[in-house]
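Please read the structure below before turning to the comments.
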Amino acid sequence: MRLILLSTDLMLMSAAQGVADRHGASVHTAANADAALAACAEADVKLLAIDLRTRPLDISALVAALRDQRPTPLHILAGGPHVQEASLAAARDAGCDEVVTRGQFESRLDAAVARLSSAPGSARGSQHA
C-alpha cells in the first residue's frame, strides 16, 4: 500500500514516513497539487493525505480531478490548523473523506494507513519512494 503526502512540511514528512514504516506501507511526498495528482494515478495508492497549509492549493479542483481520474476509490485525509476554519470547511465541501485539525492529523493518518494496509488486496512492505 502506498500513500501520498501533499506537503512541504519536513516534520509532517518525517511523521508520515514513520507511519508508513510501522504499517509496511510506502510514502511518496508531493510538493504541489499537480505532483500529487500525478502520483495518485498509480494503482497501489490508497490514501492521499493533504496538508491544507500547502500553497498554492485549490482543494476543490484537486479532489474533483482525483475523483474523475481514478477508477478505484482513494481515501482523502485533509488536515490544517484549527484556526484556519475556511480551509477546513473548503476541504469538507470539496468531498475529502476526513477533515481534521493539525493536532489530529498524525493519529488519523496512522489509523487510515493501518486500516488500508490491512485491507484485502493491499501489498504490505512494498517499495519505498
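Values in this text are rule-based calculations from the coordinates and carry no lab data. From a predicted model like this one, the values you see are computed outputs, not experimental measurements. Note that each Cβ is placed from the backbone with ideal geometry, even for glycine, and that neighbours are counted across all protein chains shown.
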Checklist entry - What does the helix-only formula give at 222 nm for the chain: each DSSP H stretch with n ≥ 4 adding -39500 (n - 2.57), the total divided by the residues, and the result rounded to the nearest 500 deg cm²/dmol? => result -13500 deg cm²/dmol
Item to check | Karplus-derived 3J(HN,Hα), 6.51/-1.76/1.60, for each residue of the stretch 12-21, Hz, glycine and proline x | outcome: 5, 4, 5, 5, 5, 5, x, 4, 4, 4
Item to check | Average projected area [Cα convex hull, the chain], square nanometres | outcome: 6.7 nm²
Checklist outcome for this item: Diffing the stretch 109-117: the Karplus 3J(HN,Hα) column from phi (6.51, -1.76, 1.60, θ = phi - 60°), in whole Hz with x for Gly and Pro, holds 5, 4, 5, 5, 5, 4, 5, 6, 6
Item to check | Dimensions (Å) - the stretch 2-55, Cα atoms, principal axes, largest first | outcome: 29, 27, 11
Item to check | For Ala78, distant residues with modelled amide H under 5 Å away | outcome: Ile50, Glu98, Val99, Val100
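Please order His23, His75 by the number of other Cβ within 10 Å, starting at the fewest.
So the residues, fewest neighbours to most, are His75, His23.
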Item to check | Net charge of neighbours whose Cβ lies under 11 Å from the Cβ of Lys46, counting Lys and Arg as +1 and Asp and Glu as -1 | outcome: +1
Checklist outcome for this item: Using alpha carbon centers only, the stretch 1-64 is separated from the stretch 76-109 by a whole-angstrom value of 14 Å
